[in-house]
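Input: a single structure, listed below in structure tokens.
Any read-out appearing in this document is the output of simple, stated calculations on the displayed coordinates, not a laboratory observation. Quick caveat, the model's predicted, so the values are computed rather than measured. Methodologically, a virtual Cβ is constructed for each residue, glycine included, from the backbone with ideal geometry; neighbour enumeration extends over all protein chains shown.
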Amino acid sequence: MFPLPDLLPLYYRRLFPFSQYFRWLNYGGVTKNYFQNREFSFTLKDDIYVRYQCFSNQSELEKEMQKMCPYKIDIGAVYSHRPNQHNAVKSGSFQAQEKELVFDIDMTDYDDVRSCCSSADICHKCWTLMKIAVRVLDRALKEDFGFEHRLWVYSGRRGVHCWVCDEAARKLSQSARSAVAEYLSLIRVVGGSETIKKVQLSTPVHPFITYVPVSINVALHYCRAVSCVASMVSDNWVLIYKCTSASPLIRDMLQSDFQKYKTSVKRWESLKKRVNQKNSALLDSEIVLQYCYPRLDVNVSKGVNHLLKSPFSVHPKTGRISVPIDTRQLDQFDPFAVPTISMLCQELDKAVQSGEEDESGKDKEGEPEPKRRVRDYKRTSLGKYVKVFELFVEQMEKSWKGQLLKQSDMQGDF
Amino acid sequence: MQFFRKQRISRLNGDRQADMYPHSLQFYGQPPTENISLAEFETFAVDRLRLLKTIENIGVSYVKTSEQYSKKLEAELRKLLFPYRVDVDEKELGKEYEKRRKDHISHFILRLAYCQTEDLRRWFIQQEMDLFRYRFHEIPEEHFQNFLNTNNLIYNSINEEERRIVKLSIIHSNANISAVKLEEMEIYKVPFQDVLDLVRSRKVYLKGGYTYIPHKEIVTVVLNDFRTRLSKALAVTARSLPVVHSDERLQPLLNHLSHAYVGQDYSIQKNIGKISLEQIDNLSLKSFPLCMRNLHKALRENHHLRHGGRMQYGLFLKGIGLTLEQALQFWRAEFVKGKVDADKFDKTYAYSIRHSFGKEGKRTDYTPFSCMKIILSNAPSQGDHHGCPFRHSDPELLKQKLQSYKIPGNGINQVDDCNFSLNHPNQYFAESQSLLNGKDVKREAPAKISGGSQETPANVKMAESTSSAEMDDLELLFQDAP
């Protein structure tokens, strides 16, 4: 389909945004050895997996990645020592110290409520659930927890990741991370669709939960909220059946209603009516939440040393690049429009052939790599995603500048 | 000339004292740095240990926030010359300083003794937390923010405007707080990392990384902080212990202190094989504490005991010297009289008896249960005979039972200043035996309890023997230490 061994060298030489990537993970050089003590892991050809990779600077990172051409890259924690020294260090002293707070939303965890697709497949209909997940969680991370630097990344196949990069987030302990993940969980993922807990709301309703429907509506803004929710939910009799197990009377009424009314809007209306009649005021919210609420895997978020797929890594099965998502234009994000590595390489070839003929031969050798790379990804569909990444890094850089100044003041450097 | 100099010195002292201990309650962040005599070292440590053991005992008998609890604890604090009051008037300042100094130093000494094992640390932290909680509740609200600030707890209370904005959200987040109650309290902004339990269960209002905690709940937050700090400190202390132990003046005392909490655990049986099975019936009437007497009686009557009873009684018998062979014979003989045939016994019950002697599985030689363990874990239910009768039985029933055991009728009253404190059923047995065999007193051990409340065996007094009854409880515990 796409010969990775051929394409990867090109990708890592001409397209991977090493400059912004390094600026991100170096975090302004505020903490000594922060980049040098960071663990990377690579999946190489023939499924060889190597851990505890680390690099001294951007140039070394580039050289090694171009040499090894990893099929997949994971980012781990910042350790107390250089990760490749982990065996040389006295046992117990080699500790994971900091890492971004991360979340992983996987579409398979919605299989109990998806009727359009299952397991690794996705379509535009169920992608809506991802949009809702991003909105709900992003709002909470920003407003409830005060986290400012959140990078959302498409995983390349069936989910999204979030990297929370604030200093406070990176310093969180394992128990703090699991507390954050549990705060954000309404539906616990407990292996296998049968064991997913039902959403049960009680009064008083915590403000966090009150905001969820708001986020859902914002997410669904472009598809006219009510009808969208209505169509999603009212076609899903299995879901409604499950959610009404505590109220058999309502369930029976709904069953006959649903046989009478064939349109989703009418069914949704009847649902609301029945729910209000029987004073189960929160039941309809519960049903919506059961359908829409993001499923979080607490284990991914809680480990300080957990390794997660890196942004701009290639997905080995689909060939798609794990690209950042611009949350300001979340609704326009189309996972099926995300470039694949073969697409990018083709675009690159075309760009080189068509334009800039006067440059051929002359400065292909003379031009410094980074500068050429900038023009390269701009010529491909990767360009707009790198821009999102660039903006993200710039936002963070503003916060580090202040810190560096403070530090140099204290040391008396002028 | 001398006159003036003296005045100057005393004024300096006064300032220094006031600075050192601005509050009766502290986090014990900084270790004391002065020189101290060995005698004071010892007295301070022993007094604090007494205090912590009292806290443990009253914590079992009374609800921790009740009046009785507070009264008892205050009495103990006063008796042992520890600080117990926040606002102290001018005249008392000198004495108060001494109390706070003692509090400070004794805490750090006990850290040395209690940092060594997980169990010791857990016990120490639990009692210190209970003490902290009591003192914390005694701080009047005016002094509160000041206390927080002096201890670097950056929890600011919010102003009127912010209150108006967040009020409703707080009420919606927290089932325990009504609008009315909230009006009366200060609200503090606490970073979410300091209240993980509330965040985890979403029981608190969270905004911009800060939680809004009403005054009523701030004690949990502060307590958790205290526990975390103390736990870390104990770990650090443990690392520097070798240096401390190399000082031969301190080592014996520290060892004694850490053994005193647990006392003798009766894991090393001194009298193995000295008891014959025929003696048990008789011994149960003479030298068994009430709980074991009950268990034995139930076993004889029903030819059976449930698991809880088998554990508690079985290990007790091991503690008094029964060998494994004797134990197997004893239990089999009894069970076979009931519904269990010898084969079944050998297949099922025998295994667990061998297990409790450390001959099976992971080979842990299980130690007989202490009173605390019996009282606090595995409460008995219908059909069970284990547990502590002074804790788990109906008081009327208990009174009747004791009367039937021929305890003198007028002996049923509360004994507060009892000097003997019972911590272990095997301790009861050992003491009883030594008294019965040493002196020719064939009297039963009288139990004096209050008719209405359920007291712990701490109030059970042994057969009259002036010397042992008046012995210092700590020394008594040291006696049996290996």
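A few notes on this one:
- The mean number of Cβ atoms from other chains found within 10 Å of a Cβ in peptide B:116-123 is 0, as a whole number.
- Ranked for footprinting exposure by Cβ neighbours inside 10 Å, fewest first, B:280, A:187 give B:280, A:187.
- Placing +1 on the Cβ of every Lys and Arg and -1 on the Cβ of every Asp and Glu, with no other charges, gives segment A:1-96 a dipole of roughly 280 debye about its Cα centre.
- Ranking of A:48, B:275, B:218 by count of other Cβ atoms within 10 Å, fewest first: A:48, B:275, B:218
- Note on segment B:286-352: with charges restricted to the Cβ of Lys and Arg (+1) and Asp and Glu (-1), its dipole about the Cα centre is near 260 debye.
- Once you reduce segment B:375-400 and segment B:133-168 to the center of their Cα atoms, the two points are 43 Å from each other.
- Dimensions of segment B:240-395 along the principal axes, based on C-alpha atoms and rounded to the nearest Å, stand at 61, 39, 28, largest first.
- Volume of the Cα convex hull of segment B:100-184, divided per residue and given in Å³: 153
- By other beta-carbon atoms within 10 Å, ranking A:124, B:424, B:303 with the fewest at the front produces A:124, B:303, B:424.
- Rg followed by Dmax, in Å, when segment B:179-233 is reduced to its Cα trace: 11.9, 41
- Subset of A:171/B:232; B:339/B:401; B:64/B:216; A:32/A:384; A:67/A:398; A:72/A:99 violating a 24 Å alpha-carbon distance limit: B:339/B:401; A:32/A:384; A:67/A:398
- Global form of segment B:50-112, assessed from the alpha-carbon gyration tensor, a/c cut-off 1.5: oblate
- Peptide B:197-205, shielding by other chains (average Cβ, 10 Å cutoff): 5
- The value obtained for segment A:1-122, namely the Cα convex hull volume divided by the number of residues, is 166 Å³ per residue.
- Sorting A:318-325, A:265-272 by their mean Cβ neighbour count within 10 Å, with the most densely packed peptide first, gives A:318-325, A:265-272.
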